[in-house]
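Read the structure below first, then the notes.
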Amino acid sequence: MSTLPSISDALDEKKVTSVINKKFNNFVPAFYKFVSEWVISAYSNFKDIEMYMILIYLVNNNFKFFKKNGIQVDYNTFYKDKTLEIEAIKIIEISRDLQMPKESVRRKIIYLEKIGVIRRIRKKIFIDRSAYETVQPISALKNISYLVSISSKILKQENKIPNSFSSNEITDTIKNNFSYCWYEFYKFIFSYFFRWRKETKDLETLCVALLLISNASSSKNFIIQDIDIEKWRKRISFADKIGLNSMSISDITGIPRPTVVRKVNFLIKRGFAKMDQKKLISLNIDEKIFSKTQKIQEQTIKEISELIYKILNKATIN
């Protein structure tokens with residue numbers, strides 16, 4: 001006979017947010033690795049991040065359906081079928097939810113049909129197996145599991161939870177509760193990337209910016225214990241002593257070098273990056289920019305805390 005879960009075992013979202021803010025430097029390298037590699041992977045599929053967003057938006061509607069009807073689907077079950085049927089969705093709904101122009105959405109949907117990624121039969125939409133495997137989150141699952149595992153260890157050190165979890169334990173938890181966890185995952189992804197897109201104007205520029213900040217936050221010169229978010233903001237622009245050249249950025253992201261140059265120039269002009277005499281690019285966020293984007297960062301921490309605590313609660317209570 002199984003034991004009923006205890007209410008006292010549940011983790012409070014506010015505790016996660018508090019610990020992340022307090023030990024931001026321990027948390028943030030894994031976070032920026034996760035979001036940076038996710039958007040690079042998204043670009044690699046169609047050389048168009050927004051098109052990939054439309055595809056996962058369609059997939060996420062299945063997770064919404066499962067959640068609405070109290071259905072729990074594990075990872076292996078979800079990916080075993082050859083096609084995925086999606087409830088009928090209007091172009092205007094996708095445009096509204098993804099904050100994209102209606103005609104842009106229409107063109108991308110037509111292209112996805114043209115290359116055989118999706119099929120529309122009357123009011124039904126079917127996603128082809130090849131595309132279905134494209135959205136199978138092998139790398140994303142690994143990175144989010146590592147991020148949640150790191151978070152659990154920090155929470156354990158702060159006596160907020162009784163036990164920490166390994167990456168493998170978190171991966172098993174997510175796979176066993178896949179439809180629930182990945183609905184929450186996509187909810188975070190859409191909110192995060194579209195919120196920052198307002199600042200960078202497009203997702204490819206954001207992709208370059210995230211690579212720069214991931215490079216800075218993981219610098220060996222910047223691995224100092226117990227730096228809170230306020231100290232991190234003051235020091236992050238000086239963390240990367242080397243920088244990246246435009247060719248390296250192009251090689252890592254897959255974005256053509258001329259496009260990278262344009263995106264870098266935009267980031268420099270907006271005050272997010274700098275270039276030295278050797279044409280090496282690094283992060284350069286001054287107090288004015290941090291002040292302007294502080295609310296965005298605070299919302300990000302709130303939402304990633306929500307995702308982490310929901311996954312950890314599944315791991316703890318289950």
So is I94 crowded, with 20+ Cβ neighbours inside 10 Å, under 19 Å from the mean Cα position of the chain (by Cα) and either on the phi > 0 side of the Ramachandran plot or at pLDDT 90 or above (or both) or not? no
Neighbours by Cβ (under 9 Å, 6+ apart or cross-chain): first from region 286-313, within 30 Å of N176 (Cα to Cα) and touching a residue at least 40 places away in the same chain (Cβ under 8 Å); second surrounded by fewer than 18 Cβ atoms within 10 Å (Cβ to Cβ) and of a type in the set (S, T, Y): Q299/S191; T300/S191; E303/S191; S305/S18
Which ones in region 269-318 are part of a loop (DSSP other than H, G, I, E, B) and either small (G, A, S) or surrounded by fewer than 17 Cβ atoms within 10 Å (Cβ to Cβ) (or both)? G271, D276, Q277, K278, K279, L280, D286, N318
For region 60-76, give me each residue that is surrounded by fewer than 20 Cβ atoms within 10 Å (Cβ to Cβ) and touching a residue at least 40 places away in the same chain (Cβ under 8 Å). K64, F66, K67, I71, Q72, V73, D74, N76
Please work out which residue is surrounded by the most Cβ atoms within 10 Å (Cβ to Cβ), limiting yourself to region 101-128 and to residues that are in a strand (DSSP E or B) and free of Cβ contacts under 8 Å to residues at least 60 places away in the same chain. F126
For region 242-255, indicate whether the set of residues that are under 21 Å from the mean Cα position of the chain (by Cα), under 20 Å from S44 (Cβ atoms) and of a type in the set (G, A, S) is non-empty. yes
Per-region count, region 170-182, residues surrounded by fewer than 19 Cβ atoms within 10 Å (Cβ to Cβ) and either among the charged types (D, E, K, R) or more than 17 Å from I317 (Cβ to Cβ) (or both): 2
Counting only residues in region 245-268 that are among the charged types (D, E, K, R) and more than 17 Å from S36 (Cα to Cα), the one surrounded by the fewest Cβ atoms within 10 Å (Cβ to Cβ) is identified as R257
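Conditions tested, residue by residue: (1) modelled with pLDDT of 95 or more; (2) within 23 Å of N26 (Cα to Cα); (3) among the aromatic types (F, W, Y); (4) out of contact with any helix residue (DSSP H, G or I) (no Cβ under 7 Å at 6 or more places or on another chain).
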{"position": "I161", "(1), (2), (3), (4)": "no, yes, no, no"}
{"position": "S164", "(1), (2), (3), (4)": "no, yes, no, no"}
{"position": "E169", "(1), (2), (3), (4)": "yes, yes, no, no"}
{"position": "Y192", "(1), (2), (3), (4)": "yes, yes, yes, no"}
{"position": "C207", "(1), (2), (3), (4)": "yes, yes, no, no"}
{"position": "L210", "(1), (2), (3), (4)": "yes, yes, no, no"}
{"position": "I229", "(1), (2), (3), (4)": "no, yes, no, no"}
{"position": "A239", "(1), (2), (3), (4)": "no, yes, no, no"}
{"position": "S248", "(1), (2), (3), (4)": "yes, no, no, yes"}
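The values are calculated or read from the model by the stated rules, or taken from the named source; none is laboratory data. Since we're looking at a predicted model, the values are computed, not measured. We place every Cβ from the backbone using ideal geometry, glycine too, and count neighbours over all the protein chains shown.
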